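The values are calculated or read from the model by the stated rules, or taken from the named source; none is laboratory data. The shown structure was predicted, so the numbers you read here are calculated from the model rather than taken from an experiment. Please note: Cβ atoms are built from the backbone with ideal geometry, for glycine as well, and neighbour counts cover all protein chains shown. Just so you know, the surface numbers come from the protein's heavy atoms only, side chains and all, with ligands and any DNA or RNA stripped out. Shrake-Rupley method; radii C 1.70, N 1.55, O 1.52, S 1.80 Å.
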Amino acid sequence: MLATLIRTLLLGAGAALALGALPVRAADPGVTDTEIVIGLHAPLSGPLAAFGIDPLNAAKMWYEEVNKKGGIHGRKIRLIVEDDKCNPNEAVLVVKRLATVHNVFMINGGSCTPAVIATQEFISREKIPFAMLNAAGDNGVFPPIRYMFGAFGGTQRADGAVLVEFAFNALKARRMAFIVHDDEYGNAKWATSKAVAERLGAEAVAVERISPRVTDVTTPMLNIRAARPDVIISAAYPQPAVLIAQKYGEFKMTAIPMVQAVQGIPVPDIFQKNVGNDAVFSNFYYGSPLNDMFNGPRQQKWVQMYKQYYPDRTPGAWMAFGLPPAMAVTRALEKAGRNLTREAFVEAMETLDFESEVFAGKIQFAKGRRDGMRSAIVIRFDGKKHTVMPGAYAWNGRDGM
Amino acid sequence: MLISLLQAIASGVVTGCAYALVALSLVMIYKSTDVINFGGGEMVMIGGYLAMFALLAIGLPYAGAFVFAAVVAFMVGAAFDRVVLDRMLGRALPGQSVLVAMVIATVGLSYVLKGLVRVVPYTEEVRRLAPLFAGDPVFLGPIILQRQDIAIVVIAVLLMRAWWAFFNFTLLGKALRATSQNPRAAALIGIPVRAMRMTIWGIAAIFAAMAGILLGPKLLMTPDMGSVVILAFAAAIVGGFHNLPGCILGGVVLGVVQNLVGLYISSRAIVLTPFVVIMLVLVLRPQGLFGGAVVTKKV
């Protein structure tokens, strides 16, 4: 009798333990039976807010769409949004706050490379999956770091390679002048531009490394004029890009084509207004990782969706950049399954290979690859009309490495 | 090559005058109150944004934008003195100097102004203030200059002359100088010292705002455009912090040297030039290139 009672009690206890074991399993932070918490951050104020507000809104819009369709494996996505001001110190604080105060599952954020790079150490130490928003983030993806995925719109390397390929093939330029900043962004851009130019057999006749805080670009432009290049390739930020374009017009250099990296011309119409001289646009091109002009037919689907979500806001050219990272995150969450862990999510991210219908090339990751996209188109802007130049250009992943 | 050199010098003169305009505001406050105003750059910045607000949001003409910016800037400068600096002075113990604390307060002012302006919608994008003098560039032989550039040079010189005349020939200017040189003696002869200090902060803020309006079309508008104050400090140090014409010449020297460095050494070295120049001047001629012999100021 006693033996039967003991056996029954032991069986009951065993069954209770076995049943209880399922919900007791420690889940990763930010995941419950009903929700997945994702941290979003970008510059939402300050001079670089144009890089952040629309992409972040677009990412929020995508997550909301996914939630409307029932979420992922029965879980809804909940977002915590923070402003990093594109400031590295601020970005580190924001990421720490998201991870330790809000206990997010993963982070989708960063519009500026230095800010993203600053978070790298914390991300790696705490093993938090991180998908950049619209930062190029070269040093965050080269060499690849397990938990950091990025460059959905292409790295600086890819951007630099594409502009040189375009100048060589479409403009038949053989003597190239470069304007790049003297920071990490400029270093990455210049490394690849130089390598591609050398491979193609073009000559870099002038390389002007300028500070992002430059107040006068007279001498860099005089140096370029003296070098008599076939093309000027500028990778300047918005403010110096305007100063450069103004001098380019002022010094009557418009017979030489100018190719501007997309970072310098976030909103073409405002860029044009700031330059204040339509003659500048007689021979002017800019690169774009999008699959069409911002107002082109292939982008309208996203623009219209954005207008439904944010009727009071006119989206800038950076808006669509926020979509592919969010698409990648939701696809990886799907692939990782119901038993979601950070490690399973990272492994799912590594297998992604999809057309975003936003960018010029596919989003692809792999075990040793953390830069998502390597293609771009080039657009001619004559001051009134934007025309996509024929062909898409892609970085081979080797030049400049 | 000669054409490039002449163009570099001409552009350097223009840029230098832009630095000098900001330096005028700094020197004005320093001469009158002994305070080094680290918020000077942000006063320039708000001047530009106030004008942009007046032009775009209120729809005022440029003359109206100048007046609007001047009035608001005066109020900001005067309020900072009355609400912050004056209280610091009032709470100081007899014989205690609060100069360092006042200088630190100006750093606080710069952060407050930068923070406030970030809530304005115009600060989301880099924007260019409409130039006061638009039109085709002016050709001086092979040298190309924008009309706005010429305006900066002319206005910088006119402002310097006006300020010199104000300090030397008006009762208010003399009262301000007296207040600066010996506040106690100034008070004894009936000069309202507190009002004088407040006035000088207000006027300096107007000068900074005017600089912002002139620089807005040239340097473009961002909340960080106040960083130009470092170049203005360099201009003032090169010219001599007590010397108003000197700070104009200091700005010009700095602008030209920057461009020559960019032309003959490297574009990368342009941004380092002001700091090298500051160090050289402080080591070799602390009173500035155009300052007189070092004298004891207080009596």
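Annotation: amide H of B:MET221 within the under-5 Å range of B:ARG127, B:ARG128, B:LEU129, sequence separation 5 or more or interchain, hydrogens built in the peptide plane.
Mind checking A:218-231 for the average number of partner chain beta-carbons within 10 Å of each residue's beta-carbon? Can you show the working numbers first?
On the way: counts 16, 16, 6, 5, 10, 7, 1, 3, 4, 0, 0, 0, 0, 0.
That average works out to 5.
Could you tell me which of rounded, prolate or oblate describes the protein assembly as shown, using a ≥ b ≥ c as the square roots of the eigenvalues of the alpha-carbon gyration tensor, with rounded for a/c under 1.5 and, failing that, prolate when a/b is larger than b/c and oblate otherwise? Oblate shape, in that a/c is at least 1.5 and b/c is the bigger or equal ratio.
Give the peptides A:152-160, B:280-288, B:247-255 in descending order of average Cβ contacts within 10 Å, highest first. Walk me through the numbers on the way to the answer.
On the way: A:152-160: 29.9, B:280-288: 14.4, B:247-255: 28.0.
Top of the packing list down: A:152-160, B:247-255, B:280-288.
Ranked highest first by the average count of other Cβ atoms within 10 Å around their residues, in what order do B:208-220, A:262-274 fall? All intermediate terms of the calculation are to be shown ahead of the outcome.
On the way: B:208-220: 26.8, A:262-274: 21.5.
With the highest mean Cβ count within 10 Å placed first, the list reads B:208-220, A:262-274.
Within the range A:147-165, whose backbone N sits under 18 Å from a point 7 Å along Cα→Cβ of A:LYS96? It comes to no residues whatsoever. The peptide list B:188-199, B:131-142, put in order of mean Cβ contacts within 10 Å with the highest first, becomes B:188-199, B:131-142. What a 1.4 Å probe finds exposed on the range A:127-202 is 49% carbon and sulfur by accessible area, rounded to a whole percent. Measuring heavy-atom accessible area with a 1.4 angstrom probe and counting protein chains only, the residues of the range A:263-294 that give up at least 40 Å² relative to the chain alone are A:ILE270, A:ASN274. The phi torsions of the range A:301-311, fed into the Karplus equation with coefficients 6.51, -1.76 and 1.60 and a -60° offset, translate into couplings of 3, 6, 5, 5, 4, 4, 5, 5, 6, 10, x Hz, rounded to whole numbers, with Gly and Pro shown as x.
Peptide A:237-246 shows a mean partner chain C-beta count of 3 within 10 Å per residue C-beta.
Rounded to the nearest 5, what % of DSSP beta bridges with both residues in the protein assembly as shown are antiparallel? The partial results should precede the final answer.
On the way: 19 of 54 bridges.
Bridges in the protein assembly as shown are about 35 percent antiparallel.
Shown for the protein assembly as shown: cysteine residues without a partner Cβ closer than 4.7 Å, namely B:CYS17, B:CYS247. With each label modelled as a point 7 angstrom along the Cα→C-beta vector, the A:GLU343-B:ARG118 pair spans 4.0 nm.
Calculated accessible area for the range A:208-291 comes out at 26 Å² per residue, all protein chains present (probe 1.4 Å; ligands, DNA, RNA ignored).
Carbon-plus-sulfur fraction of the accessible area of the range A:205-311, 1.4 Å probe, in percent? Mind dumping the intermediate values first?
On the way: 1790 of 3480 Å².
The computed percentage sits at 51.
Computed from the C-beta positions of A:GLU198 and B:ALA269 and an R0 of 30 Å, the FRET efficiency is 0.70 to the nearest 0.05.
About its Cα centre, the dipole of the range B:2-284 is roughly 580 debye, where the only charges are +1 on Lys and Arg Cβ and -1 on Asp and Glu Cβ. On a per residue basis, the convex hull of the C-alpha atoms belonging to chain A measures out at 137 Å³. Each part reduced to its alpha carbon centroid, the range A:270-331 and the range B:114-160 end up 29 Å apart. Each principal axis of the Cα cloud of the range A:163-300 was evaluated for its coordinate range; sorted largest first, these ranges are 39, 32, 30 Å. A straight Cα-to-Cα reach below 16 Å connects A:LYS172 with the aspartates and glutamates A:GLU198, A:GLU203, A:ASP230, residues fewer than 8 places away in its own chain not being considered. Dividing the C-alpha radius of gyration of chain B by 2.2 N^0.38 Å, with N its residue count, gives 1.00.
Solvent-accessible area of the range B:2-284 (1.4 angstrom probe, protein heavy atoms only): carbon and sulfur portion equals 73 percent. Once C-alpha pairs closer than 8 Å and six or more residues apart are averaged by separation and normalised to the residue number of chain A, the relative contact order reads 17 percent. Among the residues of the range A:40-67, those with an accessible-area drop of 30 Å² or more from chain alone to full protein complex, heavy atoms and 1.4 Å probe, are A:GLY46, A:PRO47, A:ALA50.
Heavy-atom accessible area per residue, the range A:32-144, 1.4 Å probe: how many Å²?
Numbers: 3900 Å² over 113 residues.
Counting only protein heavy atoms, the per-residue value for the range A:32-144 is 34 Å².
Here the 3J(HN,Hα) profile of the range A:106-117, calculated from phi with Karplus coefficients 6.51, -1.76 and 1.60 at θ = phi - 60°, is 8, 10, 10, x, x, 10, 10, 4, x, 5, 5, 4 Hz, Gly and Pro shown as x.
Computed over protein heavy atoms with a 1.4 Å probe, the accessible surface of chain B works out to 43 Å² per residue. Here is the tail figure for the range B:166-299: Cα pairs spaced more than 24 Å apart come to 44 percent of all pairs.
Need one number: % antiparallel among DSSP beta bridges in chain A, to the nearest 5. Among the beta bridges of chain A, antiparallel pairing accounts for roughly 30 percent. The contact between chain B and chain A removes approximately 3000 Å² from the accessible area (both sides summed; 1.4 Å probe; ligands, DNA and RNA excluded). If each Cα of the range B:112-210 is one equal point scatterer, what is log10 of I(q)/I(0) from the Debye formula at q = 0.18, 0.23 Å⁻¹? Values, matching the q order: -0.95, -1.15. Taking 29 Å as the limit for the C-alpha separation, the pairs A:LYS362/B:LYS218; A:LYS335/A:LYS362; A:LYS127/A:LYS194; A:LYS96/B:LYS218; A:LYS189/A:LYS301; A:LYS189/A:LYS362 exceed it in the case of A:LYS362/B:LYS218; A:LYS127/A:LYS194; A:LYS96/B:LYS218; A:LYS189/A:LYS301. Only Cα pairs under 8 Å and 6+ residues apart enter the sum, and on that basis the relative contact order of the range B:2-284 stands at 39 percent.
222 nm [θ] for the protein assembly as shown, helices only, -39500 (n - 2.57) per DSSP H run of 4+, per residue, to 500?
Details: 25 runs with 365 residues, N = 700.
That comes out to -17000 deg cm²/dmol.
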